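The values are calculated or read from the model by the stated rules, or taken from the named source; none is laboratory data. For clarity, every value in this text was computed on a predicted model and none was experimentally measured. Using ideal geometry, Cβ is built from the backbone for each residue, glycine included, and neighbour counts are taken over all protein chains shown. To get the accessible areas, we keep the full protein, side chains included, count just its heavy atoms, and leave off ligands, DNA and RNA. Shrake-Rupley method; radii C 1.70, N 1.55, O 1.52, S 1.80 Å.
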Amino acid sequence: RCTECGLCRTRTQTVFQDGAGASGVLFVGEAPGADEDRTGVPFVGRAGQLLTDIITKGMGLPRADVWIANVLKCRPPDNREPTPAEKATCTPFLDRQIELMAPRVIIPLGRHAAMHVLGIEASMGAMRGQVHERGGRPVVPTFHPAYLLRSPGEKKECWKDIQRAMEVLGLPLPKKPGM
Ligand code: URA
């Protein structure tokens, strides 16, 4: 029922989070798209199918065993980028989610998520490829799945990030990985 920013006038519903998080992994995306706005569930469209493949085929986890949330809880019209004001208004919800979930590893998807989770302004290139920390929790930023759909050549770099996160978690690498 949030009406803290103008997105409440164009959204169908808020999209809060998905999954039960038994593995301790939290993925953080940018904002709901059209499919998520319609269903109320994060990452169910085309990018969501790729994220589901990363989780199930890449990490070998059921999707229900991770948490999935977004920087913004409401869809920006025409899938435009979140504004600084929208991020400032909405991210206290994400920060409280992170506090309550107490994830073992956070995987921000794309620049907006990585910048918020790490509390810095930087390019994706500068942030990914390493394990960072937020309040003692490991953070492994990687590319947003929508970007990977446009640039499939980067999937192998994403797979390296996912393996970094799996190493942090002590998860076995699948014998025949593929996302
Ligand atoms: N892209 C995101 O960043 N989040 C979603 O929930 C769906 C697509």
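Against the criterion of solvent-accessible heavy-atom surface with a 1.4 angstrom probe, SER123, SER151 sort, most first, into SER123, SER151. Within the accessible surface of region 83-179, defined with a 1.4 Å probe on protein heavy atoms only, the carbon and sulfur portion equals 55 percent. Peptides 72-83, 124-135, 43-54 ranked from most to least packed, by the mean per-residue count of other Cβ atoms within 10 Å: 43-54, 72-83, 124-135. Two tests apply to each whole DSSP H helix in the chain, Cα reach of 18 Å or more along its axis and mean Kyte-Doolittle hydropathy of at least -1.0, and the ones passing both are 84-101, 155-169. Name the long-range amide H neighbours of VAL139: under 5 Å, sequence gap of 5 or more, or other chain; modelled H, no Pro or chain starts. Here ILE106, HIS132, GLU133, ARG134 satisfy the definition. As a length-normalised measure over Cα pairs under 8 Å and 6 or more apart, the relative contact order of the chain settles at 25 percent. Could you let me know the centre-to-centre spacing of region 155-171 and region 1-77, using Cα atoms, in angstrom? About 20 Å separates the Cα centre of region 155-171 from the one of region 1-77. Counting only DSSP H runs of at least 4 residues, each contributing -39500 (n - 2.57), and dividing by the residue count of the chain, the helix-based mean residue ellipticity at 222 nm comes to -10500 deg cm²/dmol.
Sorted by accessible area (1.4 Å probe), largest first, how do LYS155, LYS160, LYS87 line up?
Values: LYS155 70, LYS160 95, LYS87 45 Å².
Largest accessible area first, the list is LYS160, LYS155, LYS87.
Kindly list the residues of region 113-149 that lie in the label zone of ALA102, defined by a backbone N under 17 Å from the point 7 Å along the Cα-to-C-beta vector. Under cut-off, by backbone N: 134-138. Think of the chain as having a plus end and a minus end, set by charges on the Cβ of Lys, Arg, Asp and Glu; of ALA31, LEU61, GLN97, LEU61 sits farthest toward the positive end of this dipole. Averaged per residue, the chain has 48 square angstrom of accessible surface, using a 1.4 angstrom probe with ligands and nucleic acids left out.
Is region 78-169 best put as rounded, prolate or oblate by its Cα gyration tensor, with a ≥ b ≥ c the root eigenvalues, rounded for a/c under 1.5, and otherwise prolate when a/b is larger than b/c, oblate when not? Intermediate values should be presented prior to the final figure.
Values: a/c = 1.93, a/b = 1.10, b/c = 1.75.
The shape class here is oblate.
Applying the Karplus relation 6.51 cos²θ - 1.76 cosθ + 1.60 with θ = phi - 60° to region 75-80 yields 3J(HN,Hα) values of 6, x, x, 6, 6, 5 Hz, where x marks Gly and Pro. In a simple Cβ point-charge model (Lys, Arg +1; Asp, Glu -1; nothing else charged), the chain has a dipole of about 340 debye relative to its Cα centre.
Packing order of peptides 166-172, 110-116, 62-68, highest average first: 110-116, 62-68, 166-172 (average count of other Cβ atoms within 10 Å over each peptide's residues).
Need one word for region 37-102: rounded, prolate or oblate. Basis is the Cα gyration tensor (sqrt eigenvalues a ≥ b ≥ c); a/c below 1.5 gives rounded, then a/b vs b/c decides. Intermediate values should be presented prior to the final figure.
Values: a/c = 2.57, a/b = 1.38, b/c = 1.86.
Oblate shape, in that a/c is at least 1.5 and b/c is the bigger or equal ratio.
Which of rounded, prolate, oblate describes the chain, given a ≥ b ≥ c as roots of the alpha-carbon gyration tensor eigenvalues and a/c under 1.5 marking rounded, otherwise prolate only if a/b is larger than b/c? Mind dumping the intermediate values first?
Working: a/c = 1.56, a/b = 1.44, b/c = 1.09.
Prolate, since a/c reaches 1.5 and a/b exceeds b/c.
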